[in-house]
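Here is the structure we will look at.
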Amino acid sequence: MIQSMTGFGKSVISLADKHISVEIKSLNSKSIDINTRIPLIYREKELDFRKLIAEQLLRGKVDFTILVENIGNQTPSKINENIVKAYIEQMRNIVDGDRTELLKMAVRMPDALQTSTESITEEEFAVIFEHIAIAIADLQNFRLQEGKVLEKDFLLRIQNIDHYLQQVQALDSERLLLVRERLEKAVADI
């Protein structure tokens with residue numbers, strides 16, 4: 001069965017506080033070339049992701065993406081209130097200004113936002129690996145469907161070549177007779 005090198009696979013995971021979308025796209029390439037776009041929090045498993053993809057797809061230029069949409073009430077960043085207030089007070093000592101404008105400037109200052117380091121459980125990684133496998137299967141199914149279309153196109157082209165070859169062979173026998181007659185006439189004239 002012919003299999004195309006072009007394909008796309010996707011799987012979506014819905015967890016309690018976020019939606020995770022796993023996408024894999026492939027194009028033709030002699031060897032496996034994996035380009036990843038994943039959030040920093042998943043970087044520790046990037047080599048495992050790459051290994052799984054390389055084992056399944058073998059070749060192709062592959063773009064692998066994990067997109068995370070937080071739907072929970074918690075945000076990964078929190079405003080460091082004490083530091084923001086201190087910045088506002090310092091700026092008030094320098095210049096009189098609108099409190100809103102001072103707040104806008106204060107939240108841009110260093111350490112105004114605290115980013116909490118989120119950790120991923122092994123169970124969540126296991127779910128992600130399952131959905132990577134689903135996206136790979138989806139991509140391979142896409143490749144098979146594309147391969148069927150290519151096979152149909154190849155067979156049609158082969159039939160056309162065979163048809164034209166038969167026409168050429170029929171014309172060739174006439175052409176040989178005409179060449180023979182022309183050569184015999186040229187020899188006779190000499």
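The values are calculated or read from the model by the stated rules, or taken from the named source; none is laboratory data. Please read all numbers here as calculations on a predicted model, not as lab measurements. All Cβ positions, even for glycine, are placed from backbone atoms using ideal geometry, and neighbour counts span all protein chains on display.
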#### Entry: Positions within the range 136-190 being over 14 Å from Thr6 (Cβ atoms) and in contact with a helix residue (DSSP H, G or I) (Cβ under 9 Å, 6 or more places away or on another chain), in sequence order
Ile136, Ala137
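Just need a number here: residues in the range 80-119 that are of a type in the set (Val, Ile, Thr), surrounded by 11 or more Cβ atoms within 10 Å (Cβ to Cβ) and modelled with pLDDT under 75.
Taking the range 80-119 first, the residues of a type in the set (Val, Ile, Thr) are 83-84, 88, 94-95, 100, 107, 115, 117.
Now narrow it down to the ones that are surrounded by 11 or more Cβ atoms within 10 Å (Cβ to Cβ): 83-84, 88, 107.
Subsequent filtering for residues that are modelled with pLDDT under 75 retains 107.
Qualifying residue count for the region: 1.
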### Query
Of the residues that sit in the range 14-33 and are aliphatic (A, V, I, L, M) and farther than 20 Å from Ile120 by Cα, which one is modelled with the highest pLDDT?
Ile24
### Query
Taking Ala133, is it touching a residue at least 40 places away in the same chain (Cβ under 8 Å) and surrounded by 10 or more Cβ atoms within 10 Å (Cβ to Cβ)?
yes
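If you check Thr100 against the conditions, is it farther than 26 Å from Leu57 by Cβ and under 30 Å from the mean Cα position of the chain (by Cα)? Steps first, answer last, please.
Values: farther than 26 Å from Leu57 by Cβ: yes; under 30 Å from the mean Cα position of the chain (by Cα): no.
It is false that Thr100 is farther than 26 Å from Leu57 by Cβ and under 30 Å from the mean Cα position of the chain (by Cα).
Being buried (at least 18 other Cβ atoms within 10 Å of the Cβ) and touching an Asp or Glu at 6+ places or on another chain (Cβ under 9 Å) is the filter here, so list the residues in the range 20-38 that pass it. So that I can check it myself, show each step before the final result.
Within the range 20-38, the subset buried (at least 18 other Cβ atoms within 10 Å of the Cβ) is 20, 22-26, 34.
Of everything in the range 20-38, those that are buried (at least 18 other Cβ atoms within 10 Å of the Cβ) and touching an Asp or Glu at 6+ places or on another chain (Cβ under 9 Å) turn out to be Ile20, Glu23, Ile24, Lys25, Ser26, Ile34.
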### Task
Could you identify the single residue in Glu124, Glu181 that is of a type in the set (D, E, K, R) and within 29 Å of the chain's Cα centre (by Cα)?
Glu124
### Message
Quick check on Arg143: is it at pLDDT 95 or above and not aliphatic (A, V, I, L, M)?
### Response
no
